[in-house]
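Note sheet for the following structure.
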Amino acid sequence: MSDDHTHVQEFFTARAADWDARFPDDGPAYAAAVTDLGLRPGDRVLDAGCGTGRALTPLRTAVGPSGVVLGADLTPAMLEAAVRAGRHLDGQLLLADVAALPLRTEALDAVFAAGLIAHLADPAGNLRELARVVRPGGRLALFHPIGRAALAARQGRQITPADLRAEANLGPLLAGSGWRMTSYVDEDSRFLALAVRTD
């Protein structure tokens with residue numbers, strides 16, 4: 001959406017306090033997407049662009065007490081909202097940019113990313129960085145609790161052919177960034193693209 005991190009931070013800072021109240025019914029969609037990611041007990045998973053941490057509780061449930069759950073976001077106000085909601089109890093919060101994660105190469109089994117791709121300054125480079133921190137064969141979920149058409153209608157805009165989340169665009173983008181798309185769902189009730197790290 002923008003190559004200016006300041007713009008992204010300002011956008012989310014202004015909305016952090018009431019973010020969860022604006023979307024109170026998204027919990028089941030998050031839980032279902034986490035289930036589809038196929039995590040196992042003991043897995044290490046990152047919620048990239050975690051915002052207020054709505055995925056952290058289902059991620060913790062999926063990996064169990066022996067797993068590792070991290071939530072990274074570049075907007076302090078969103079992480080503060082996650083703490084106020086008690087979600088820091090389910091995962092460690094990191095003030096970090098997905099362009100340069102403070103994680104070792106191949107440290108993780110999976111990445112969950114809700115609503116992230118539209119806000120990436122360098123989608124190919126940022127997806128490569130997510131691939132860097134995931135082991136070969138590890139998984140990626142690109143999720144949104146409503147589909148592209150429903151989201152566009154909510155925002156009063158039209159879907160364009162250049163939309164990165166369109167299947168014809170996203171598949172090649174992932175393939176050029178170290179991922180192979182394994183499934184794609186875009187319906188009014190959710191958007192979910194799953195991918196596997198290829199090497």
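Within segment 40-83, which residues are in a strand (DSSP E or B) and open to solvent by less than 10 Å² (accessible area, probe 1.4 Å)? Correct list: 45, 46, 47, 48, 69, 71, 72. Filtering segment 66-114 to residues that are more than 24 Å from residue 128 (Cα to Cα), without any contact (Cβ under 8 Å) to a residue 60 or more places away in the chain and among the charged types (D, E, K, R) leaves 84, 87, 90. Note on segment 145-199: residues that are over 25 Å from residue 106 (Cβ atoms) and small (Gly, Ala, Ser) amount to 10. Taking segment 112-134 as the range and being surrounded by 19 or more Cβ atoms within 10 Å (Cβ to Cβ) and either outside any helix (DSSP H, G or I) or of a type in the set (Gly, Ala, Ser) (or both) as the test, the residues that pass are 112, 113, 114, 116, 120, 131, 133, 134.
Each row is one residue, and each column tells you yes or no for (1) in a helix (DSSP H, G or I); (2) modelled with pLDDT under 90; (3) open to solvent by 70 Å² or more (accessible area, probe 1.4 Å).
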site	(1), (2), (3)
110	no, no, no
136	no, no, no
142	no, no, no
150	yes, yes, no
158	no, yes, yes
164	no, no, no
177	no, no, no
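With the structure loaded, tell me whether residue 28 is open to solvent by 70 Å² or more (accessible area, probe 1.4 Å), at pLDDT 85 or above and farther than 29 Å from residue 155 by Cβ or whether it fails that test. It is false that residue 28 is open to solvent by 70 Å² or more (accessible area, probe 1.4 Å), at pLDDT 85 or above and farther than 29 Å from residue 155 by Cβ.
When residues in segment 179-199 are screened for being more than 24 Å from residue 132 (Cα to Cα), assigned to a loop (DSSP other than H, G, I, E, B) and open to solvent by 80 Å² or more (accessible area, probe 1.4 Å), 1 of them pass.
The values are calculated or read from the model by the stated rules, or taken from the named source; none is laboratory data. Not measured: the values here are computed from a predicted model. In this analysis, Cβ positions are derived from the backbone assuming ideal geometry, glycine residues included, and neighbour counts consider all displayed protein chains. Keep in mind that these areas ignore ligands, DNA and RNA; they rest on the heavy atoms of the full protein, side chains included. Shrake-Rupley method; radii C 1.70, N 1.55, O 1.52, S 1.80 Å.
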